[in-house]
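Read through the structure below, which is laid out as structure tokens, and then see the notes.
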Amino acid sequence: MQLVFSDAQFWEDFLPLTFTRPVAEMRCGILTFSERWQKLLDSSEVSSLTEDYLQEKFKKYELKESLFIVPNFLPSENLLNQIKDLQLGEALVYKDELLAVRINMENFSLNQISKMTDIEEDVLFFKQPTDLFTYNEKAIDFDFELLTNGRTSAELSSTNGFLGDAKDLFIEEGAEIEFSTLNTKTGKIYIGKNAEVMEGCNLRGPIALCNNSKFNLGSKIYGATTVGPHCKVGGEVNNIVIFGYTNKGHDGFIGNSVIGEWCNIGADTNSSNLKNNYAIVKLWNYKAEKFVSTGLQFAGLIMGDHSKAAINTQFNTGTVVGVAANIFKSGFPPNLIDSFSWGGMKGDEKFKLEKAYEVAELAMARRKVPFTEVDQNILKTIYENY
């Protein structure tokens, strides 16, 4: 069955993270929403209904019978079974929002729906960027069970210190962990394939270190933290989500934050996650075009793909950074840093697009990932329209 992930309700709500991807490709827990649904529904045939400029990179649906689904929620076992049991023309609705429908995409229209069933149970929805770190513990728990059920963890080397229950630690084959401490009393710890925890690290779950990523020497990692694939993380972090292919390799603190792909956080960069007056944090909302209350006392940094922060950058509480910004000027940057900002301060000139291409190509080449013409077109659209 073809899975068609819909961006309709939430794409704008997750900007700047979704400037470069559909909602389904965001990571929270261990997996992206797309990866999670593929495992839950046992399907590798996935596609997206997303913004036109993203559709070239993220496969468009084929014109056939499909399961059309809003991806950014965690289903209970009962709800998952209801989704699996949907017949053609049947839909599930949650709080007046379409959740899932089995439909023929050849003549896609909600008029095809012949039966709607209201979901009465509470559903854990991710509706804004801060939800990705706020609910990350629940997502890690969900994915941990999904990925490890019935499997046996690789052994933890005897050079390490361990606190907690062994069932809450899972180490994939090829991972390396030596002379570190791991504590699962506060949450599960998942170490992905070929990941590395270097000597002297202190890990306090819940934590997910995904495939081919590293915690550098002496890192202090508080949960609930997710580090996506092909990242290097050092210093001190607390309750952050990094999508993947990003480096924060040195000392400095980042907390209650979400960072996209292909970002680089310079040495001794810090992000405040609590205001001096303990007030509720406001974040820039691209949809509302104003700063909006998060309802949270702790909220740090939201950073879009390809952005870079120089050494000793000091981010204020509740800072939003767009795509491909280059932040290097002295002083505290503002709470909103525009995409392609050259410097990071309000009114700074834009990063020249061709130079942004060059930086992206060099950064991606280090991970042996090509920077394609499609990637160029996505950055160009963001540059010209947002």
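Derivation of every value follows stated rules applied to the coordinates shown; laboratory data play no part. Because the structure is predicted, anything quoted here is derived from the model rather than measured. Cβ coordinates were reconstructed from backbone atoms using ideal geometry, including for glycine residues, and neighbour counts include every protein chain displayed.
Quick one: putting +1 on the C-beta of Lys and Arg, -1 on the C-beta of Asp and Glu, what dipole do you get for the chain around its Cα centre, in Debye to the nearest 20?
Approximately 940 debye in magnitude.
Which residue, 69, 41, 110, has the largest displacement toward the positive end of the dipole of segment 36-121 when charges sit on each Cβ (Lys, Arg +1; Asp, Glu -1)?
Of the options given, the answer is 41.
Taking the Cα centroid of segment 34-82 and of segment 203-272, what is the distance between the two, rounded to the nearest whole Å?
Spelled out, the Cα-based centre of one part sits 28 Å from the other.
Give me the distance in nm between label points sitting 7 Å out from Cα along the Cα-to-Cβ direction at residue 45 and residue 1, one decimal.
Taking the two extended label points, one gets 1.2 nm.
What is the order of 48, 157, 307, 66, fewest Cβ neighbours within 10 Å to most?
Final ranking by Cβ density, sparse to dense: 157, 66, 48, 307.
So for each of 32-41, 352-361, 251-260, 183-192 I average, over its residues, the number of other beta carbons within 10 Å; can you give me the resulting order with the highest mean first?
251-260, 183-192, 32-41, 352-361
Using a 10 Å cut-off around each Cβ, can you sort 341, 330 from fewest to most neighbouring Cβ atoms?
In increasing order of surrounding Cβ atoms, one gets 330, 341.
Please compute the Kirkwood hydrodynamic radius over segment 38-125, one decimal place, Å, based on all pairs of different Cα atoms.
13.9 Å
Where a Cα-Cα gap under 16 Å defines reach, which aspartates and glutamates qualify for residue 368, not counting those fewer than 8 residues away within the same chain?
Cross-link targets: 261, 358.
If you take every residue apart from residue 239 with its C-beta less than 15 Å away from the C-beta of residue 239, what net charge results, scoring Lys and Arg +1 and Asp and Glu -1?
+2
Cross-link list 60/232; 275/329; 59/355; 138/185; 39/287; 232/346: which exceed 25 angstrom alpha carbon to alpha carbon?
Listed pairs above 25 Å: 60/232; 59/355; 39/287; 232/346.
Which ordering of 237, 123, 197 is given by a fewest-first count of other beta-carbon atoms within 10 Å?
123, 237, 197
Place a +1 charge on the Cβ of each Lys and Arg in segment 322-365 and a -1 charge on the Cβ of each Asp and Glu, then give the dipole magnitude about the Cα centre in debye, rounded to the nearest 20.
160 debye
Quickly work out the residue 290-to-residue 185 label distance, labels modelled 7 Å from Cα along the C-beta direction, and quote it in nm with one decimal.
4.7 nm
State the answer as a single residue: which of 184, 157, 170 lies farthest towards the positive end of the charge dipole of segment 154-205, with beta carbon charges of +1 for Lys and Arg and -1 for Asp and Glu, about the Cα centre.
184
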